[in-house]
Amino acid sequence: MDETRPVPAEERFDTERLLTWLREHLELGGGEVRWARFSGGHANLTYLLAVGPQELVIRRPPLGPVAPGTHDMGREHRVLSVLHQAFPLAPRSLAYCEDASIIGAPFLVAERRHGIAIGRDLPASFVHRRDVAAGIGAMLIDTLAALHRLDTASLGLDTLGRPEGFLTRQLEGWQRRWQAAAEGNSPDAAGLLARLAAAMPRSPGPTLLHNDFKLDNILVDPDDPRQPRAVLDWDMATRGDPLLDLGYLLTYWAEPSDPPAWLEAAAMPTWRPGFLTRAEAAARYAAATGTDIAAIAWYQAFAAFKLAVILQQIFIRYRRGQTTDQRFAHFDRRVAALVAKAASQAARL
């Protein structure tokens, strides 16, 4: 998952103009210029720019229109320009450009971190290692808990976001995004949304949120994947209800007894022997942070709906021809499975 591929034709831009901007804002050495796209990721576009031995990461929003408040490179730069001081797994952002004329969209420039990102299954050499599976599960929870324990004021991030009324705005905002991206044949989410609104819990105290925290957004040591090397994709970072992060992570936390459609829609390899169960993972988080997780079922249902919206936004860009990436051709099936998953979880609230 740390692999690169050639930049697709629809994403190409004037690299000389970018290099000129970089030389004006960073110390950029000389040497051969190499340019590639990282293979992972479904929304934001992330590139590797190498100038001689120097490697930089360039991140920009996806092609086509994006929902307000999403894919915010300025927010990601604000967070990553300071977060590394207290949370070393956060790559340092070196510069931010809001001038869309340089590459076609605002972008940030960050340091490169090396490692592998684990997707739907473990690397072959670790598939039967229960100790590795247990260690990865514990690492995920412990890393999230460490993030949520940070003192945001000490980093100058205490004014990030608006924690008051955050959960209500989240539900309303993701409902609007669903309505904007859904088509005539999209699943009906009206009953689900009504139940989520009626059963909305009271939030614990606000913390720094990643808002897309899952295993494939973490680079790990290829020789020992229990050891994290970096946490990536901070464009939705804010301050708010920490159980949103936990509920989202648990939506990916697959178990062997889960329905096949759930596993196809969104799954980490936590169904492998040795991993914590969802209940054990939630309990470990509660012990590490002191947070009351009695309402975690609501957060899991909301997270499944939120993920359905994210995938529907990607799918609609594919349907409209704004991206030709064939990975997105059947995202409509995953969207339907996630809406059904959220509805089944919400029915028990």
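The values are calculated or read from the model by the stated rules, or taken from the named source; none is laboratory data. Treat the numbers as computed from the prediction; the structure is a model and nothing was measured. No Cβ is skipped: glycine too gets one built from the backbone with ideal geometry, and neighbour counts run over all protein chains shown.
Report yes if Trp234 is in the same structural domain as Thr143 (by TED's automatic domain parsing), more than 28 Å from Ser344 (Cα to Cα) and crowded, with 23+ Cβ neighbours inside 10 Å, otherwise no.
yes
Quick one: count up the residues across segment 114-142 that are part of a helix (DSSP H, G or I) and surrounded by fewer than 18 Cβ atoms within 10 Å (Cβ to Cβ).
8
As an exercise: evaluate Thr168 against (1) farther than 29 Å from Phe87 by Cα; (2) surrounded by fewer than 17 Cβ atoms within 10 Å (Cβ to Cβ) and give the number of the one condition it does not meet.
(1)
Restricting attention to segment 143-161, which residues are closer than 26 Å to Ala286 by Cα and either outside any helix (DSSP H, G or I) or not assigned by TED's automatic domain parsing to the domain that holds Ser203 (or both)?
Result: Arg149, Leu150, Asp151, Leu157, Asp158, Thr159, Leu160, Gly161.
Output the residues belonging to segment 315-331 that are part of a helix (DSSP H, G or I) and of a type outside the set (A, V, I, L, M, F, W, C).
Arg317, Tyr318, Arg319, Gln326, Arg327
Would you check if there is a residue in segment 270-287 being surrounded by 14 or more Cβ atoms within 10 Å (Cβ to Cβ), polar (S, T, N, Q), farther than 28 Å from Thr207 by Cβ and not assigned by TED's automatic domain parsing to the domain that holds Glu10?
No.
Under 24 Å from Ala265 (Cβ atoms), surrounded by fewer than 14 Cβ atoms within 10 Å (Cβ to Cβ) and either outside the structural domain of Leu311 (by TED's automatic domain parsing) or modelled with pLDDT of 95 or more (or both): does that describe Ala194?
Spelling it out, Ala194 is indeed under 24 Å from Ala265 (Cβ atoms), surrounded by fewer than 14 Cβ atoms within 10 Å (Cβ to Cβ) and either outside the structural domain of Leu311 (by TED's automatic domain parsing) or modelled with pLDDT of 95 or more (or both).
Pairs, please: C-beta under 6 Å, at least 6 apart or cross-chain, first residue surrounded by 14 or more Cβ atoms within 10 Å (Cβ to Cβ) and in segment 333-349, second among the charged types (D, E, K, R)?
That search, which allows pairs on different chains as well, returns Ala346/Arg195.
Check segment 283-293 and report whether any residue there is of a type in the set (D, E, K, R) and modelled with pLDDT under 95.
no
Those residues that are within 26 Å of the chain's Cα centre (by Cα), among the aliphatic types (A, V, I, L, M) and either assigned to a loop (DSSP other than H, G, I, E, B) or assigned by TED's automatic domain parsing to the domain that holds Pro225 (or both), I need them from segment 1-37; list them, please.
Within segment 1-37, Met1, Val7 qualify.
Would you check if there is a residue in segment 82-105 being closer than 24 Å to Gln300 by Cα and either surrounded by 15 or more Cβ atoms within 10 Å (Cβ to Cβ) or touching an Asp or Glu at 6+ places or on another chain (Cβ under 6 Å) (or both)?
Looking through segment 82-105, none of the residues is closer than 24 Å to Gln300 by Cα and either surrounded by 15 or more Cβ atoms within 10 Å (Cβ to Cβ) or touching an Asp or Glu at 6+ places or on another chain (Cβ under 6 Å) (or both).
Collect the residues in segment 7-19 that are out of contact with any Leu (no Cβ under 8 Å at 6 or more places or on another chain) and either hydrophobic (A, V, I, L, M, F, W, C) or loosely packed, with under 12 Cβ neighbours inside 10 Å (or both), keeping them in residue-number order.
Across segment 7-19, the qualifying residues are Val7, Ala9, Phe13, Glu16.
Being in contact with a Cys (Cβ under 7 Å, 6 or more places away or on another chain) and either among the small types (Gly, Ala, Ser) or under 30 Å from Tyr318 (Cα atoms) (or both) is the requirement here; does Phe107 meet it?
yes
Any idea which of (1) modelled with pLDDT of 90 or more; (2) part of a loop (DSSP other than H, G, I, E, B); (3) closer than 29 Å to Arg149 by Cβ is the one Gly40 doesn't satisfy?
Only one criterion in (1) modelled with pLDDT of 90 or more; (2) part of a loop (DSSP other than H, G, I, E, B); (3) closer than 29 Å to Arg149 by Cβ is unmet by Gly40, namely (1).
The rows are residues; the columns are (1) in contact (Cβ under 8 Å) with a residue 60 or more places away in the chain; (2) in contact with a Phe, Trp or Tyr (Cβ under 7 Å, 6 or more places away or on another chain).
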site	(1), (2)
Pro187	yes, no
Leu196	yes, yes
Gly205	no, no
Leu208	yes, no
Asn217	yes, no
Arg226	yes, no
Asp235	yes, no
Arg239	yes, no
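Would you please list the contacts, defined by Cβ atoms under 6 Å and residues six or more apart or on different chains, that run from a residue in segment 141-166 that is more than 26 Å from Leu215 (Cβ to Cβ) to a residue that is of a type in the set (Ser, Thr, Tyr) and at pLDDT 95 or above?
Asp158/Thr152
It is to be established whether one or more residues within segment 252-261 are modelled with pLDDT of 95 or more, under 19 Å from the mean Cα position of the chain (by Cα) and under 18 Å from Val79 (Cβ atoms).
So far as segment 252-261 goes, no, none of its residues is modelled with pLDDT of 95 or more, under 19 Å from the mean Cα position of the chain (by Cα) and under 18 Å from Val79 (Cβ atoms).
Please state which one of Ala308, Ala267 is assigned by TED's automatic domain parsing to the domain that holds Pro206, of a type outside the set (S, T, N, Q), touching a Lys or Arg at 6+ places or on another chain (Cβ under 7 Å) and under 29 Å from Glu11 (Cα atoms).
Result: Ala267 is the single residue among Ala308, Ala267 that is assigned by TED's automatic domain parsing to the domain that holds Pro206, of a type outside the set (S, T, N, Q), touching a Lys or Arg at 6+ places or on another chain (Cβ under 7 Å) and under 29 Å from Glu11 (Cα atoms).
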